[in-house]
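The values are calculated or read from the model by the stated rules, or taken from the named source; none is laboratory data. Everything quoted here is computed from the prediction, not taken from an experiment. With ideal geometry, Cβ positions are generated from the backbone for all residues, glycine too; neighbour counts draw on all protein chains shown. Note: accessible area is taken over every heavy atom of the protein model, side chains too, but ligands, DNA and RNA are not part of it. Shrake-Rupley method; radii C 1.70, N 1.55, O 1.52, S 1.80 Å.
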Amino acid sequence: LSCSRAKDVTMPAKLPVNFFSARSPVIDLFRGQLDYADHLRQDSEIVLYFFYAPWCGQSIAAREEIERVASRLSDQVLFVAVNCWWNQGKCRKQKHFFYFPVIHLYHRSFGPIEYKGPMSAVYIEKFVRRVMTPLLYISSRSKLLDFLSNYEPGVLGYFEFNASPQPPGYLTFFTSALHSLKKDYLGTIRFGVITDKHVAEEISLVHSGSVYLHRHVNTSLIYPNDIMNYTAENICKWALENREMLIRWLRPHGGKSLLLNNELKKGPALLIFIPYNPLAEIHPLLDEITKVALEYHNCNKSQAAEPDLQHLGDTDSPAFDSSVPDAHMKLPETFSITKSPCCNTVVLPQWHSISRTHNVCELCINQTLGVKPNKVHVPHCNFFEIEAALDSFYLQEHTFFQVISNTIECSNFLSFYSPFSYYTACCRTVNRHFLSFISSEKTIFQTPKVTFSSHGKKDDTQRSIPHIEDRNWFIPDLHSSGTNFTGLSCRTNKTLNLYLLDSNLFWIYAERLGASRSTHLKEFAAIVDLKEEVHYVLDQNQSLVGSALENFIKNFSILYSPLKRHLVDDSSVHLRDQHVITEVTTNTFHQTVFLSEKNVLLLYYAQWCGFCASLNHIFIQLARLLPPDNFIVARIDITRNDLPWEFMTDRLPTILFFPHRR
């Protein structure tokens, strides 16, 4: 008898079933009929495709969100769900997706526009509405003001609809708005159309077909038709490359991503968590944060940074005028140094090794013509002039050297390189403890005495000055709240990048940074400095308002920051005396390790570390062998607790021995 091997038997895949209910407004093509989906699209203006895999958890979770959006927009948008996993369906054969679900939108023949935002109903609906109406129609001056006052970049096109139903270039501009949604799923650039000639003249648009990019701080731009071809792709590319991003939204998708890492590598970042509803008509908290961002980046004190834009229509240039000297009250010559564009903060050495005071001076360049100091306004600061002024200053630094005082002295001394230039230095001694309460309006620095002397003369009056960021404390004529904060990003070497995150979606990131888990109001702000490996947290007892954010930013920006580094602590650990191994947290690290009267053996571990788990029983045996009167055997979860960088390690497990200092 010959034995023949049995053939392999393969069970065929089960036939797919409905993913959406029969009563759902979503058309469910559960057999992957992609050709029928394309047929349905021919008769609809706006179509949303929801490609899913029936086994995918994200697809199952997003199903309810899609149904919620469809119930609101089904009379205007066609919702089609396609099973793109069944191997016999055309969708599986023609599409090759690396993840599920995938959302594509079509505006008539334009598409697909892929949606990559959060799988939340409000965000999906907001994006669908942007695809439905990619252009906002500006028909009056009030609507123009509302459009320009928004914090997001805005692109405006002027078209005369009296000439024809569709003026030349209108369809190109309309398509460019759809291109921007295709390339930027966050929809950060808003597109608008001006239909009234007089409204267009408010922003100096005269010719039909002109395109204008509005920017709050930098100069606004008009599309260069003579350099770039007037195409939808070019307009979109021009707007994306030249847009002004004062504050950015971060929306991590939940998977592996370098989004946060790439942004934090750019420099110190202020992360602001606020509850956000994209469909809400007004956002008071967001408007207040926007004002802070505009003031922070308003380096030339431009009136264009004012959200109300009351100056609109007073200029014939597309670029809003930065400043009008005659419009401001002229300050006395004594305080004219504050308007100089070239200033630098200088810190002199401590007068004694045990002293905690520092001489801080603000060095400014002043150019004159003739004998009398007639001001010549220089538009840009010259680096070589600052360098020459610093050289001259350090040669004469003994003149500005004081022990401690409560007054300011500003001394003028001539340049060694030009007889028509002189430098001004205002100095004050600053105590380190002074920095913790400089924000108080009742300090002695609110209205200090200011005296001037020529270089080389010793006055009996002692001299001192706060940091450059605290200039409004020693200038009596400039007590407005915005003076000290306006343009701070250009007057410090610790410029912050500002980011927004929706706390309804990403509160887990706030908790990891130190936010309270029990709070009902999900508002939180933290500064993360990746280079210095530190982060600071705004006191959660304070309301997240503009003034609190301004003080938070100013305290980070000053030379000797009073902010205290925040260390994340594992609050879930409960210490018990009967444990053989003591569990250490951030809050108990100093008390257990440094202030202990015993030798401490500390194990660094992590929950994901497999070798750490295999070491546990050995470490427990070691704890039982060591005499408890002389040794404390402890461990710390390094992923849930932050320690000072000198006690951190990137190798797990690690055991450190801290001997008792007798």
In Å and from the alpha-carbon atoms only, list the Rg and Dmax of region 582-658. 12.0, 33
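Where does the charge balance sit around Gly89 when Lys and Arg score +1, Asp and Glu -1, over other residues with C-beta under 12 Å from its C-beta?
Numbers: positive: Arg31, Lys90, Arg92, Lys93, Lys95; negative: Asp35.
Residues near Gly89 contribute +4 overall.
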Tell me, what is the per residue accessible area of region 98-171 in Å², probe radius 1.4 Å? 45
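What FRET efficiency do you get for Asn493 and Lys95 if R0 is 45 Å and r is their Cβ-Cβ distance, rounded to the nearest 0.05?
Working: r = 50 Å, r/R0 = 1.11.
Taking R0 as 45 Å, the efficiency between Asn493 and Lys95 is 0.35.
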Leaving out ligands, DNA and RNA but keeping every protein chain, what accessible area does His253 have, in Å² rounded to the nearest 10, with a 1.4 Å probe? 130
Region 122-264: relative contact order from alpha carbon pairs under 8 Å, six or more residues apart, as a whole percent, is 29
Add +1 for every Lys or Arg and -1 for every Asp or Glu among the other residues with Cβ under 14 Å from the Cβ of Lys183, and state the total. +1
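Within region 27-119, what whole-number % of the accessible surface is contributed by carbon and sulfur, with the 1.4 Å probe and all protein chains included in the calculation?
On the way: 2250 of 4720 Å².
Heavy-atom surface of region 27-119 belonging to carbon and sulfur, 1.4 Å probe: 48 percent.
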In whole Å, how far is the Cα centre of region 61-139 from that of region 159-186? 22
State which entries of Lys143/Lys522; Lys126/Lys522; Lys126/Lys564 exceed 28 angstrom in Cα-Cα distance in the structure shown. Lys143/Lys522; Lys126/Lys564
With DNA, RNA and ligands ignored, accessible area of Lys183 (1.4 Å probe; Å², nearest 10): 120
Tell me, in nm to one decimal, what length is gained between Phe594 and Ile508 on full extension, where the rule is 0.36 nm per residue of separation less the Cα-Cα distance? 27.8 nm
Length released on extending from Lys197 to Gln88, taking residue separation times 0.36 nm less the Cα-Cα span: 33.5 nm
What translational diffusion coefficient, in µm²/s and rounded to a whole number, does the Stokes-Einstein relation yield for region 27-119 at 37 °C and a viscosity of 0.692 mPa s, taking the hydrodynamic radius as the Kirkwood radius over Cα pairs? 247
With viscosity set to 1.567 mPa s and temperature to 4 °C, compute the Stokes-Einstein D of region 143-202, Rh being the Kirkwood radius across alpha carbon pairs; µm²/s, no decimals. 103
